[in-house]
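The values are calculated or read from the model by the stated rules, or taken from the named source; none is laboratory data. Owing to the predicted nature of the structure, the values given are computational and were not obtained by experimental measurement. Counting neighbours? That spans all protein chains shown, and the Cβs are built from the backbone with ideal geometry, glycine included. Ligands, DNA and RNA are excluded from the accessible area calculation, which covers all protein heavy atoms including side chains. Shrake-Rupley method; radii C 1.70, N 1.55, O 1.52, S 1.80 Å.
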Amino acid sequence: MNKIDNQENKFKYTIHSVENAFSLLEVLADNGLELGIAELCKKIALPKGTVHRLLGTLKSLGYIEQDPQNRKYYLTVKIFKLGTAVTDKIGLVQIIPYMKKLSQQFNETTNLAIMDRDEIIYLYSVGSDNTLKLDLRIGSNQPAYCAAVGKVLLASLSEQELADYLQRIKLKSYTSYTVTSKKYLKKDLKLIRERGYSSVNEEYMVGVSCIAVPLKDQEGKVCAGLSFSVPTVRMDKEKLPQLIDSLIFTAKKITLPGFF
């Protein structure tokens, strides 16, 4: 798991051109479509000349390409190769069969996520066959404090790491159910730590409920989270304990590489 950043551990001598290049790649990745130079300049707030030089460098390295017709830029498969190297280390190939089995058993969406700074990032998602379903985009981010996966990961932090996190972050309300009290969040995380799973009811998105359990590495450290995303209308009192038991049972079978 990428540990939540401590301000004291941040590198003091960053190279701005490298930061700008990665900002450009992130903008292209987040939008998922082709973008023109004017759009890119607006999104990353850099002069046209700077953006043009960055695009030329990234294009020569093979990470982006330009459509000859509309002159817009897009990411190439070379970026995908970098992501594949990371998922290989995580052991995603070994985890996917478990996720598919869970999804097929309940016909609901299963997700795998890790911490990415102060948010969670979804590494993989297995959708359901239901008409009303919740398919998360791989690579998408979500605030940790209002996600079931995020809460099981936050619950695994040390007292100091959690205190640093709570000091940095502002609890924004996404729905009327979002927890915006840091005192209440701490109590919630303590309960999650004790019972071994997290249950979130429409805290991030109305109509969506989630359940998550932690996944551990070879040293017994929590490094990822496995979850179900279920439309609230299908989350009844009978189904909830079945989903929880299945997640806990599956998590005990999975041991991730200890490189996080």
Region 136-156, residues that are assigned to a loop (DSSP other than H, G, I, E, B) and either closer than 27 Å to Val27 by Cα or polar (S, T, N, Q) (or both): Leu136, Arg137, Ile138, Gly139, Ser140, Ala147, Ser156
Among what's in region 100-132 and is within 20 Å of Leu166 (Cβ to Cβ) and not in a strand (DSSP E or B), pick the residue that is least open to solvent (accessible area, probe 1.4 Å). Asp118
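In region 234-245, which residues are in contact with a strand residue (DSSP E or B) (Cβ under 9 Å, 6 or more places away or on another chain) and either open to solvent by less than 20 Å² (accessible area, probe 1.4 Å) or over 20 Å from Lys100 (Cα atoms) (or both)?
Leu243, Ile244
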Condition first: in contact with a helix residue (DSSP H, G or I) (Cβ under 8 Å, 6 or more places away or on another chain), in a loop (DSSP other than H, G, I, E, B), of a type in the set (Gly, Ala, Ser) and loosely packed, with under 13 Cβ neighbours inside 10 Å. Can you find one or more residues in region 39-62 that meet it? yes
Top-ranked residue of region 165-176 - restricted to ones that are under 19 Å from the mean Cα position of the chain (by Cα) and within 24 Å of Val230 (Cα to Cα), ranked as least open to solvent (accessible area, probe 1.4 Å): Leu171
The number of residues in region 194-207 that are in contact with a Leu (Cβ under 9 Å, 6 or more places away or on another chain) and open to solvent by less than 20 Å² (accessible area, probe 1.4 Å) is 1
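Residue by residue, here is whether (1) under 25 Å from Lys252 (Cα atoms); (2) of a type in the set (A, V, I, L, M, F, W, C); (3) surrounded by fewer than 20 Cβ atoms within 10 Å (Cβ to Cβ) holds:
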| position | (1), (2), (3) |
| --- | --- |
| Ala163 | no, yes, yes |
| Thr178 | no, no, yes |
| Ile192 | yes, yes, no |
| Thr232 | no, no, yes |
